[in-house]
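Comments concern the structure below.
The values are calculated or read from the model by the stated rules, or taken from the named source; none is laboratory data. Note that the coordinates shown come from a computational prediction; the quantities given were computed from them, not determined experimentally. Methodologically, a virtual Cβ is constructed for each residue, glycine included, from the backbone with ideal geometry; neighbour enumeration extends over all protein chains shown.
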Amino acid sequence: MTLKTTLSLGLAAGLMTGAAAQAQTEIEFWHAMGGQLGETVNQLVADFNASQGDYVLTPVFKGTYEETLTSAIAAFRAGEQPNIVQVFDAGAATVIGAQGATIPVQQLLSENGVEFDIEDYIAGVRYFYADSDGQMIGMPFNSSTPILYYNADALEAAGVEAPTTWEEFAETTGPALVEAGYIPLAQSHLPWIFTENFFSRHNLQFASNNNGYDGIDTEIMVNHPAIRAHFQALADWQEEGLFSWYGTGWGDNQNPFEAGEVAMWLGSSGSFGGIADRVEFNFSATMLPYWEAVTTEPTQTFIGGAALFAMSGFDAEENAATAAFFDYLDSVDAQVMWHTETGYVPITTAAYAAAGEQGHYDEFPAAEVGIQQLSLPAGDYTRGYRMGFYVQIRDVMNREYSRILTGEATVEEAFEIIETEANELLERFAQTQG
Amino acid sequence: MKRAAFGHIGFPILLLLPQLVIIAIFFYWPAAYAVQSSFYAQDMFGFTSTFVGLENYTRLAGATNYVNALNFTVIFTVLVTFFSLTIALLLAVKADKVIRGAKTYRTLLMWVYAIAPPVAGLIGVMLFDQSRGNLTQFLASFGYEFRLGVNYWDTASAMIAVSVWKQIPVNFIFFLSGLQAIPRSVREAALIDNRSGTSRFWDITFPLLAPTGFFLLIINITYSLFDTFGIIDTLVKSEPGNNPLTLVYRVYVDGFRGGDLGGSSAQSVVLMILVLILTIVQFRFLERRIHYT
């Protein structure tokens, strides 16, 4: 759009709303939801704007998660920050570490007279974006968790059920699917599914300082025998044809499942809507399998995706507008709409119950699996993790896991490198925090 | 011809000023800022900033993945420059000889120029896709399993192929106009002296094309180092993983994606110095051997 048309449109809009516009507080919301998801965000915002007359929220799409975060930070340094910014899981430490850049959501809501009870939220959602005292800093927005999707037709042909444990997969499900002519297993995100959530599912400590929540001088504890055994198993399964790895790209691993070549795929609970639109075969989902050898009482996973942060530097009026939007976002109607449209999990138990009452899970049982998994019993190390430079740490993991799966490195070598490089990064992050 | 002269020193400065201001704002200022921040460890929001001396540089020297990226960048730059220059030269020489339908041929050879690097990368992704790529299927018919994003050298080959393909038209245009600028009389004289087309090319045409070639050499090296970013980003699906990466892409990965401003600034300073040295070497040693007509 040229400057001229923008100006004239703006002018026209100004004239039409007239006097009413002057009384309204306008705030901005930067997000990273493109395509269909972006449409749903726009719908959500339009619903909010229509629901009340005091505030007008403008959503702005800023590209990928990384781009959105970087633009928001650059804008903050220039004093031009948006009121609300969407920050993804791996970027949480950067934003939460920068005290004074954001207003904790819990504080913002109570200051503006909105009732807040963290117990209203689904268990796995509560504390990922919270500080060490359990105060919620970021409002979980698009929340997802890794689950196992399966091609029901393929499993029927092989005469097996979806596995609950990795032992079951290795002994029964996998070989039967190979027999039936399928590649049994693929996954789309090794650091998220087979590292972060691997630790949570088995209630193993992932980093010192309570997984990094209690301090900045954190050390990663990724070099654990259980995960080394898991990656050794993956490498063996790859050799035996039980598992296939198609690179670091998410879609490259999802496509063979949708094409019907791979029978089971580990992806996001938020992938549900897309798969339902595209595949011909019957599919369903189940919880992330666990190793019986590691634990007999598997615990919950935590949320991935992103949260909304209220940035600081605005007057009380604009902060009240932000609080009003967060309040609206938490409402049952908004949550149910967001959940059923996108496949992301609802963040409150009330919204979960409402979606159930509407019969959403009778129609799509797979849509409930993520919430069930997030509601499993918690453990000491299931709330998530908080580590700085985590995007780079994930890049190191991806690189070394690739080396394992292409035979360039042994599991032991790779995990030693991950441990060393991740700790160097954490040390450097602590340095940048002064 | 009468030499134009300015009566007052202020006027030429005034005329130069817009250009100088643009260079200062968009080049010198950011470059100076990069040098400065390469000595600091800084949080992304700019709240805290600690002076760390040369630590950002010394860490680079010890980082295996940085050294790997450096090695790959050298290989990548040499191969992309070599293939895009030679293929373009071959096409230009052949197209220069075509008389009937010359315009059509030339247009067909040039139009790839209009494609943006990320779009070129996307075409590469479609051609080399693991399950659906046409070229992957073609290679599979020879029994070779091409795996983009899994096998390091497969990914590297795809990057090089797409980068070369994208750059050939630029070189082609320059080579073709260079060829057409060679005087007819010189060609005819050479034709009388020597009947062999190949040796005529090496003795007469090639030296006369040298100024164009030298210019293109610099342009192609710069292209391989910097402008291939979009192609690389698309081909690796924005996931560094264990994929081959160039130095410029690493600056982006560490700084923009990872938020390590100090480390990424140090990398861009190193890159700046490398390009500076390269340019000096080229002008000092190579240009001496080139004759401009």
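Worth pointing out:
- Residue A:220 falls short of the stated requirement of being touching a strand residue (DSSP E or B) at 6+ places or on another chain (Cβ under 8 Å), among the aliphatic types (A, V, I, L, M) and in the same structural domain as residue A:32 (by TED's automatic domain parsing).
- Of all residues making up the stretch A:58-71, the number that are more than 10 Å from residue A:31 (Cα to Cα) and either at pLDDT 95 or above or more than 11 Å from every other protein chain (Cβ to nearest Cβ) (or both): 1
- Residues in the stretch B:18-66 that are part of a loop (DSSP other than H, G, I, E, B) and of a type in the set (Val, Ile, Thr): B:48, B:52.
- For residue A:361, the conditions (1) of a type in the set (Phe, Trp, Tyr); (2) more than 10 Å from chain B (Cβ to nearest Cβ); (3) crowded, with 20+ Cβ neighbours inside 10 Å are fulfilled apart from (3).
This table checks each residue for (1) under 26 Å from residue B:153 (Cβ atoms); (2) away from chain A (no Cβ under 14 Å).
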| site | (1), (2) |
| --- | --- |
| B:35 | no, yes |
| B:45 | no, no |
| B:50 | no, no |
| B:59 | no, no |
| B:63 | yes, no |
| B:69 | yes, no |
| B:72 | yes, no |
| B:75 | yes, yes |
| B:78 | yes, yes |
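- Qualifying residue in the stretch B:214-230 (condition: over 30 Å from residue B:54 (Cα atoms), crowded, with 20+ Cβ neighbours inside 10 Å and touching a residue at least 60 places away in the same chain (Cβ under 8 Å)): yes
- Any hit, the stretch B:114-136, residues being hydrophobic (A, V, I, L, M, F, W, C), part of a loop (DSSP other than H, G, I, E, B) and at negative phi: yes
- Residue among A:263, A:233 that alone is modelled with pLDDT of 95 or more, touching a Pro at 6+ places or on another chain (Cβ under 9 Å), crowded, with 18+ Cβ neighbours inside 10 Å and among the small types (Gly, Ala, Ser): A:263
- Residue match in the stretch B:146-155 (condition: at negative phi and away from chain A (no Cβ under 14 Å)): no
- From B:197, B:258, B:241, residue being within 30 Å of residue B:42 (Cα to Cα), without any contact (Cβ under 8 Å) to a residue 12 or more places away in the chain and not aromatic (Phe, Trp, Tyr): B:258
- Among the candidates A:283, A:302, A:309, the residue that is crowded, with 21+ Cβ neighbours inside 10 Å and within 14 Å of chain B (Cβ to nearest Cβ) is uniquely A:309.
- The set of residues in the stretch A:250-278 that are touching a strand residue (DSSP E or B) at 6+ places or on another chain (Cβ under 8 Å) and either acidic (Asp, Glu) or not in a helix (DSSP H, G or I) (or both) comprises A:260, A:261, A:262, A:263, A:264, A:265, A:266, A:267, A:268.
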